[in-house]
Structures are given as structure tokens and as C-alpha cells.
Amino acid sequence: MTAIAVSIYFISGGFETKPNLKRLFLESKMVSDQPPVIFIHGVLGSKLRHKETGEEGWFSSPWNLLFDEFRHLTLEFDPESLAVISNAYEPYELAGDIIGKDFYGNIIKTLVDYGGYKHAEVGQKVNPSQKNLYTFLYDWRQDNVISAGQLADMVDQIREDYDDPLLKVDIVAHSMGGLITRYYMRYGRLDVTNDNDFPVNMYGGDRVHRVILLGTPNLGSLEMLNTFIDGLKLGLKRINAETLVTMPSLYQLLPHPLNNWIVTAAGKPLDRDLFDINTWRSFQWAIFDPKVRERIASEFASQQEADKYLAALEKFFDKTIERARRFVWSLTVPLPENHPALIVFGGDCHLTPARIIVEEVEGKSLVRMHPEQITQPMENVDYEALLLEPGDLTVTKASLLGRNVLDPSVPRHKYSFFPLDHAVLLCEKHNSLTGNISFQDNLLNALLIRD
């Protein structure tokens, strides 16, 4: 180190520029009269195990993630009622550190080591004079309305555990967990996805103190559409479309109808309804892809049995995607004036899928998800800007903020009500957000600050 560099080093106090969480929250750690915190994971965020054998079915080992297609996670449904049949797997703990990715260990460590929170279990009496931390585990494959109802049960039980019928909780939710939280705040256990009436009752809103969302796709994620089309890449294998389409929650991550999600090669919007089964059929996406149908048929003893299952699966798809349409709309209708405001964290430094392009080639309409796929580019069209927007590789900044356009100077769409308190934007990818030191610093500040 040169003499000049040494001088700069000591003048600046050293090269350490990260917040010292231990020092920042030393006094706050000793303060005990704080609302309990519930942490809610996102999609793929809980481990699943077989209810009878205890065998892990999701996130069990690096080998498992590298070489398994996870076909055993396919949800069974009744071919007549189209309702999901109770499955063999249950969530039992948060997904941890596997193949170099720490999904949620960082956020729990932050809350416990620096925030002074203590792990607590639902159904057990607690010491109300200490800061308590709960984890809401749910089967991330199931309909988010079901998960919201389970969250309502959990919060009501915590009130009983505290012996305080007026207790309010703080919620910290990652990704899809934020959608579950927002639905719970508006409707509690009420299922409003059976019709187009969305009677807000603020059941959960009356029971929460602060709500912090991290990387939540508040107006959906185009990456989910790409996943339905190509499957979910994991190591050397994929979770294929025929498995993914049996999971109702994933449909509810699709881009909100307010989004301009599909355009021509000239950049002009196309009038296509993503929540209409005929759109999927016309583009041969997911279960309408001949290769997928061939894979499904290969699992049956006869073509007749395969055709019967495919017909039922199409009906299930139609019903589930219509419920998803209503689910995403249910989160954007206006709220009463006394609604809790949302604190939002997320990334805006990585180019993230925002649209797909339909390119006409030799009379065929071909879908392009990436700029390099364009075979007949038009002059003066920036395909990277057209297809991609700043975000965290999974959720665009616009969706994070509940907006249908990136430009913050454009007024919010009149049909997109999003009660934002404030947002903190980070340079992180979706699955790395919880490890960001600025997130951890601001998270503790938001939770521990006095009104």
C-alpha cells in the first residue's frame, strides 16, 4: 500500500463501508415490547417431506436438485370436481443453504442475532415481554387463497398465545409470500376467486402492525410464464410443465392483465388474454405443447387413458387459470382509508423479463422470450429494452412497486391500487435479496422504529 493510499485509508477510517448491525441495534436489541414478527417464505421456500415416511420430497440434497425432475410433487386432482386432492407431502422447515445459495438463513440470523428476536412456536404460551419470531410454513404448490386462510389461523392463534385479542403482528414476506400476505390483509379466510365480486373485509389488515415485502411480484412475473413454457431449470434437469401446471399457486404469479406483456416484433401491443386457455392452446404452451403431451401419454398404459387424463388436465387448467385471473384482480381493488401501508424492498439493477415478442416467420407466429432469438429484427427497434426491464432477474421494478409501467412519472393505473408507504431499491438478484446488508439494516430499522 502506497503512502498516499495509507493516508486515505486512515483518513476515511478504513475500507469497511458496511453497516455494523451489532452496533446499530445494540440498544434496540434490549427493547422487548415489540409486536411479534411472522416471516413468510416465497415459492419453493419450504422443504417438503412425505407425511407418512418422513422422506424429503423437496430440497433434500444437492444431488436431488441436480438430477431430479420432481415428478413426485405433481398434485393430484379430482377429474370431476377438479379440486386438488390432499397430497402426501407437507412443509416442515425453511429451505436452507444448498449448492451455494442461502435462501433464508440470513434473514433469520439478522432478526435473531441483531434484532434480539426469539424463536417462538404457535400454540405455545409466550413471554410477551420478549420479541418473538414466528415462521409461517406453507405448501407453496397450493392455491394462495388456502395459504392465506392458514395464515389467518396462525395469527389468531398467536393472539390467543399472547392472551391479547387486540394484538397486531409484523409480517416480513418474501416473493410469493407477499401476495399471500396482501390477500390475507384484504380478505382473511374468504375465498373471493369464485366470481368477480371482491368484498374487502380487512380481516388481516386489522391484525397487522407493519408489513414488509421483499421481492414480491405485485403485478406478476413474466418469468413465471417462461417457466410454464420451458419448465423450471434445476441443475441438469427441469421440473416439467406437466408437473408445474398442477400447482395452483404458480398461475397466481403470472403477469396481471394490466401489464403490456406481449408485443409484435415492431413493439406494438398484441391483444391477447393470458388468463384465457385459448391463448395457451393457440401458442401450444405448457400442456398444449405436443412434446409435453407426448411425455404425458408415455406414462399411461393406453392412449385412451392418456386422452382421458389430458382432457381432465385441460379442464383443471381452465378452472385454475380463471381463479388466478380473479386472484390477481382481487389484490388491486381499492381499500378503505385505514389500510396498513406497505414497505417494499427489491432489486432494480438486473435486466428482467418483462414481455415476450411474437415474430411472424413464414406465416407462423413464433414466440421469442430473449433478444437473441429474434431472427428477422426490424430497424430502430431495441429488442433488449422491449423484452427486458430493470429488476432482480425474476421481478421487474415496476411489478415490485405495483405499477404497470416502469416510468415513475407516469401516474399509477386507476385499476391498480397499491398502498405503498415507501420502497428501498437494491442491486441484488431475487434469491440473494435476504443476504443484502442494506436490506438487513433497513429491515431492522423499519421493524424496531417507534411510531
- [ ] Go through the range 69-74 residue by residue and turn each phi into a ³J(HN,Hα) via Karplus (6.51, -1.76, 1.60, θ = phi - 60°); whole Hz please, and just put x for glycine and proline.
- [x] 9, 6, 5, 5, 8, 4
Task: Shape call, the range 66-159: gyration tensor on alpha carbons, a/c limit 1.5 - done: oblate
Task: Added length on full extension, which subtracts the Cα-Cα distance from 0.36 nm per residue, Glu27 to Lys109 - done: 27.8 nm
TODO: On a C-alpha basis, how far is the centre of the range 318-361 from the centre of the range 252-279 in Å? Whole number, if you could?
DONE: 12 Å
- [ ] About the Cα centre of the chain, how large is the charge dipole given +1 on each Lys and Arg Cβ and -1 on each Asp and Glu Cβ? Please answer in debye to the nearest 20.
- [x] 760 debye
Task: Calculated from backbone phi, Karplus (6.51, -1.76, 1.60) coupling profile of the range 123-137 in Hz, x at Gly/Pro - done: x, 10, 4, 10, 8, x, 8, 10, 7, 10, 10, 10, 10, 8, 9
Open item on the list: Just to verify a number: FRET efficiency for Arg295 and Asn260, C-beta to C-beta distance, R0 = 30 Å, to 0.05?
Closed with: 0.35
Task: Within the range 348-425, chymotrypsin sites (Phe, Trp or Tyr not before Pro) in DSSP loop having at most 15 other beta-carbon neighbours inside 10 Å - done: Tyr415, Phe417
Task: Förster-model FRET efficiency, 45 Å R0, Glu360 and Leu82, C-beta, rounded to 0.05 - done: 0.80
Task: Beta bridges per DSSP with both ends in the chain, % antiparallel, nearest 5 - done: 45 percent
Task: Estimated 222 nm signal from helices in the chain, with DSSP H stretches of n ≥ 4 weighted -39500 (n - 2.57), rounded to 500 - done: -8500 deg cm²/dmol
Task: Of the trypsin sites (Lys or Arg not before Pro) in the range 377-451, those whose Cβ has at most 11 other Cβ within 10 Å and which sit in DSSP loop - done: Lys414, Arg450
Open item on the list: My understanding is that a pair violates if its Cα-Cα distance is over 19 Å; which of Lys233/Lys429; Lys29/Lys131; Lys131/Lys429 do that in this structure?
Closed with: Lys131/Lys429
TODO: Compute the FRET efficiency between Val381 and Ser129 as 1/(1 + (r/R0)^6), taking r as their Cβ-Cβ distance and R0 = 41 Å, and round to the nearest 0.05.
DONE: 0.10
TODO: Classify the range 276-392 as rounded, prolate or oblate, taking a ≥ b ≥ c as the square roots of the eigenvalues of its Cα gyration tensor: rounded when a/c is under 1.5, otherwise prolate if a/b is larger than b/c and oblate if not.
DONE: oblate
- [ ] Mean Kyte-Doolittle of at least -1.0 plus a Cα span of 15 Å or more along the axis: flag which DSSP H helices in the chain meet both, please.
- [x] 144-162, 176-187, 303-330, 437-448
Open item on the list: Can you find, among Leu310, Ile356, His50, the residue sitting farthest towards the positive end of the charge dipole of the chain, where Lys and Arg contribute +1 and Asp and Glu -1 at Cβ?
Closed with: Ile356
Open item on the list: Just to check I understand the Karplus step: with θ = phi - 60° and J = 6.51 cos²θ - 1.76 cosθ + 1.60, what whole-Hz values come out for the range 201-215, glycine and proline as x?
Closed with: 10, 6, 4, x, x, 7, 10, 10, 9, 10, 10, 10, 10, 10, x
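Rule-based calculations on the coordinates, nothing more; no lab input. Quick caveat, the model's predicted, so the values are computed rather than measured. All Cβ positions, glycine included, derive from the backbone under ideal geometry; neighbour counts span all protein chains shown.
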